[in-house]
Amino acid sequence: AMAGLVSGAASAAAPVSAAGKSEFVTVKNTHFARKGKSYYIAGANFWYGGYLGSPSGVGERARLLKELDTMKALGINNVRVLAVSEKTAMTSAVRPATTNGPGKYDEDLLAGLDFLVDELGKRDMTVVLYLNNFWQWSGGMTQYLNWFEGTPAIDPNVTKDYDDYMAKTARFYANKDAQKEYRGTIRKIVGRVNSINGKAYRDDPAIMSWQLANEPRPGNGKASDKEKAIYTKWIAETAQYIHELDRNHLVSSGSEGLAGSAQDAKLFMASHSSKHIDYLTYHLWPKNWGWFDSKKPVESWDGAIAKSRDYLNVHIDMAKTIGKPIVLEEFGLDRDGASFDIKAGTKIRDRFYGEIFNLIQRRAASGDPIAGWNFWAWGGAGRAANADYWWKQGNDFMGDPPQEEQGLYSVFDSDASSLALIKDHAGKLRSLQR
Ligand SMILES: O=C1NC[C@H](CO)[C@@H](O)[C@@H]1O
């Protein structure tokens, strides 16, 4: 793919391992390569990793080091992280934010990202950094439209109308002023020089890839052909733009797959066939998508797991057709009894994780283009602060962003059975690397 070619011509500063093999993650046909071996992702979603790295304010560097060491010890080799958030009036969004208005950045939060990237490099771990968000919990595209359309940033937790939210938020892609500011932010992050170790991000192999956004969608489930064409063009042009700024790293969309493509396989294939998109991504949310009823786990399990297996297989088959690696970079399920309480069990979640891990391991071992997984999401030492489980500024960060109950999908450092399962399967994936 593009990156495979380009990274061969990487900038002179491109670090190579002792064996003279590129330390960057590259694509070799339908697999990742790193340091001369195939590379599989046994990863965690850790959206707030940069926040913990901040030198002041929300930063908790001691906690960050502990979380990274815990993940490393489990064999987790990759984290997927929010690179930039936008200040917004919405209640369901994280505070503070990286950009406090067009062109205005919080250098402390950017230094937090520097610290995280540096510490990951020290641990031989890699990071996927997403540069925007289709959802409201970090400001994201709806906040850009507040800046440039003058429309209020929409919080679907308030409007309770996701279809309206998705259709309006997708106006981001064709809004020229919003795109100009977004590209300014892309230049700010991709072109950054790490304030901790002096490395240019573009020359740092600890970064695995740049991701256009978290879960970008073309609109809602009834997206028009015009909206689909705008979305497809936006992906190709933005991915190309990032490759022009950075010749070393991979670029991915952050798509959920069919669920994020109006269930239109043609759209998913067309929007990811661009040579500027180096690998495919997909996400799996049985509860969010109504396949699993966490209040009726026994009755809804069979249907949910059958649909999940099918979703996994269909996307791996599409990756085969397109000829690119694919990563299941988000999946999750509730705690037992749909509880947010850390004392609740994780029997159902563990069973679900095990099914996912086994199917991916089996298909990866048979040479299919599935390059691994990132579970959603690392909660670690984070603990919910309020009886209603909602996040307030100053509370711990954890796997669940502010638009969701704190404890919904987070895997905590006390969830021993889940951590054991993750460790076991990270080892199985690692055994495929040669
Ligand atoms: O990217 C995402 N996908 C699903 C997560 C859990 O609902 C959600 O928190 C996040 O916006």
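The values are calculated or read from the model by the stated rules, or taken from the named source; none is laboratory data. What you see is a predicted model; the values in this text were computed from it and never measured. Quick reminder, even Gly has a Cβ in these numbers, built from the backbone with ideal geometry, and neighbours come from all protein chains shown. Heads up: the accessible areas ignore ligands, DNA and RNA and are worked out on the full protein's heavy atoms, side chains in. Shrake-Rupley method; radii C 1.70, N 1.55, O 1.52, S 1.80 Å.
Between amide H atoms placed 1.01 Å from N, distances below 5 Å from R80 occur with A44, N45, F46, V128, all of them 5 or more places distant or on a separate chain.
Label separation (K233 vs R61): 4.6 nm, computed from points 7 Å beyond Cα along the C-beta direction. Computed on the Cα atoms alone, the convex hull of segment 147-286 gives a volume of 136 cubic angstrom per residue. Across all Cα pairs in the chain, the calculated P(r) in 20 Å bins from zero up to the longest distance comes to 28, 64, 9 percent per bin.
Computed with every protein chain present, the accessible area of K35 is close to 70 Å² [probe 1.4 Å]. Electrostatic tally near Y201: other residues with Cβ closer than 10 Å to its Cβ, Lys and Arg +1, Asp and Glu -1, net -1.
The Rg/Rh ratio of segment 328-382, with Rg taken over Cα atoms and Rh as the Kirkwood radius over Cα pairs, comes to 1.06. Rounded to the nearest 20 debye, the dipole size of segment 344-434 about its Cα centre is 520 debye, using +1 on the Cβ of Lys and Arg and -1 on the Cβ of Asp and Glu.
For segment 404-412, backbone phi angles converted through the Karplus equation (6.51, -1.76, 1.60; θ = phi - 60°) give residue-by-residue couplings of 10, 4, 7, x, 4, 10, 5, 9, 8 Hz, Gly and Pro being listed as x. Electrostatic tally near Y182: other residues with Cβ closer than 12 Å to its Cβ, Lys and Arg +1, Asp and Glu -1, net +1.
Per residue, how large is the accessible surface of the chain? Use a 1.4 angstrom probe and give square angstrom. It amounts to 36 Å² per residue over the chain.
Split the accessible area of the chain by element, probe 1.4 Å, and carbon with sulfur accounts for 54%. Average 1/r across all pairs of distinct alpha carbons in segment 302-428, invert it, and you get the Kirkwood radius: 15.6 Å. Among the trypsin sites (Lys or Arg not before Pro) found in segment 216-264, those both in a DSSP coil and sparsely packed, with 11 or fewer other Cβ atoms within 10 Å of their Cβ, are K222. When the P(r) is computed for segment 230-275, the part past 13 Å accounts for 53% of the Cα-Cα pairs.
Neighbours of N133, meaning other residues whose beta-carbon lies under 11 angstrom from its beta-carbon, give a summed charge of -2 when Lys and Arg score +1 and Asp and Glu score -1. Here segment 126-196 is treated as an ellipsoid with the same Cα gyration tensor; its semi-axes, largest first and in whole Å, are 25, 15, 9.
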